[in-house]
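Encoded as structure tokens, the structure appears first; notes follow it.
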Amino acid sequence: MARRISLFLVLTFSLSWSCWGLNIWLVRSTGVSSSALHFAGAFGPFVAAWLTTIWLDGWSAFQVFLRRLYGRVATRWMLFAVLLPVVLFGCGMMVITIFVGTPDVPGWFANDKLPAWSPVWLWLLWVATYGLGEESGWRGYLFPALSKRMAVRPSTVVIAFVWAFWHVPVFLYDPDFQAMSGFMVMGWGIGLLFGSFFLGWLTVQAEGNIWPAIIFHGTFDFFSAGDALPDLVPVVSSALLIGLVLVLARRYDSQFLKVR
């Protein structure tokens, strides 16, 4: 098992950091990074999970792996994965309206790393890249591998630290990450920790299927990453998600099974 985890991590970091390393070079040599390389790096965990499974387990096991991750899943968890970020975003908008005034919505979801597409296409792009790309590896491969060696909750903590470290090169070229203060980076790290717990819980409820995690991850990013989005909106969304995780932690045991 240690061999599997090590191979997956080496491949993940090699693939993602190669893309982002090129972006660091581009920024230092031309002053401009590549959006294509930024989003290509998201597929490091995805490609690593597939290659590791094929290499160590063979084609038959890979087919089982695909069915487990991407097969049919209960509709209620898909709806939950889509609607929860919408509710969190709506709460953020409500806070903005109450304390700041009626928000100006147009342009909120635009990002300088993304094409000037409609919100629906931008949402699909987030789901297809950082949703599918990350969750196929973190929750699809690393989470079950670690859960065979330790309890589920500690597994989510380990993944959170790996997940945070994986982002390090992005801080060296992305203006949004570079603009974070030390306090904001700490908040970002705490958000990753609680996000790892929540996505792990969601994957367990979906019986190992990662479509709900993919949809939630991509949708949450969509509602949080707009350049013109008021900072208070993702702050409120993250705070509410942390509150939900604390509630879930009390209601479920260490394996995310309901406490009777």
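Computed from the alpha carbon positions, the gyration tensor of the range 24-163 leads to an equivalent ellipsoid with semi-axes of 32, 23, 16 Å, biggest first. Here the range 156-260 is treated as an ellipsoid with the same Cα gyration tensor; its semi-axes, largest first and in whole Å, are 26, 15, 14. A Förster radius of 30 Å combined with the Cβ-Cβ distance from residue 59 to residue 6 puts the calculated FRET efficiency at roughly 0.85. When the solvent-accessible area of the range 119-260 is split by element, carbon and sulfur atoms take up 71 percent of it, the probe being 1.4 Å.
Per-residue surface analysis assigns residue 91 an accessible area of about 40 Å², computed on protein heavy atoms at 1.4 Å probe radius.
Suppose all protein chains stay in the model; what accessible area per residue would a 1.4 Å probe give for the chain, in Å²?
Accessible area per residue, the chain: 50 Å².
Carbon-plus-sulfur accessible fraction, the range 1-79 (probe radius 1.4 Å, protein heavy atoms only): 67%. For residue 34, nonlocal amide neighbours, meaning residues 5 or more places apart or on other chains whose placed amide H falls under 5 Å from its own, do not occur. Projecting the Cα atoms of 254, 210, 225 onto the charge dipole of the chain (Cβ charges, centred on the Cα centre) puts 254 farthest toward the positive pole. Peptides 132-139, 176-183 ranked from most to least packed, by the mean per-residue count of other Cβ atoms within 10 Å: 132-139, 176-183. Helix screen, the chain: DSSP H segments with Cα axial length of 27 Å or more and mean Kyte-Doolittle hydropathy at least -1.0 are 2-30, 75-99, 182-205, 232-251. Eigenvalues of the alpha-carbon gyration tensor of the range 109-187, scaled by 5 and square-rooted, set the equivalent ellipsoid semi-axes at 27, 19, 9 angstrom, largest first. I need the calculated FRET efficiency for the pair residue 235 and residue 36, taking r as the beta carbon distance and R₀ as 25 Å, to the nearest 0.05. Result of the calculation: an efficiency of 0.25.
Taking every C-alpha pair closer than 8 Å and separated by at least 6 residues, the mean separation divided by the residue count of the chain gives a relative contact order of 30 percent. Largest accessible area first, the residues 30, 97, 156 order themselves as 30, 97, 156 under a 1.4 Å probe with ligands, DNA and RNA left out. The label-point distance for residue 128 and residue 14, in a model that sets each label 7 Å from Cα toward Cβ, rounds to 2.8 nm. Across the range 1-149, C-alpha contacts under 8 Å between residues 6 or more apart give a mean separation that, scaled by the residue count, equals a relative contact order of 34 percent.
Ordered by solvent-accessible area of protein heavy atoms (1.4 Å probe), largest first, the residues 24, 159 come out as 24, 159.
The values are calculated or read from the model by the stated rules, or taken from the named source; none is laboratory data. Just so it is clear, the structure is predicted and the values come from calculations on it, not from any experiment. With ideal geometry, Cβ positions are generated from the backbone for all residues, glycine too; neighbour counts draw on all protein chains shown. Note: areas computed on protein heavy atoms with side chains; ligands, DNA, RNA excluded. Shrake-Rupley method; radii C 1.70, N 1.55, O 1.52, S 1.80 Å.
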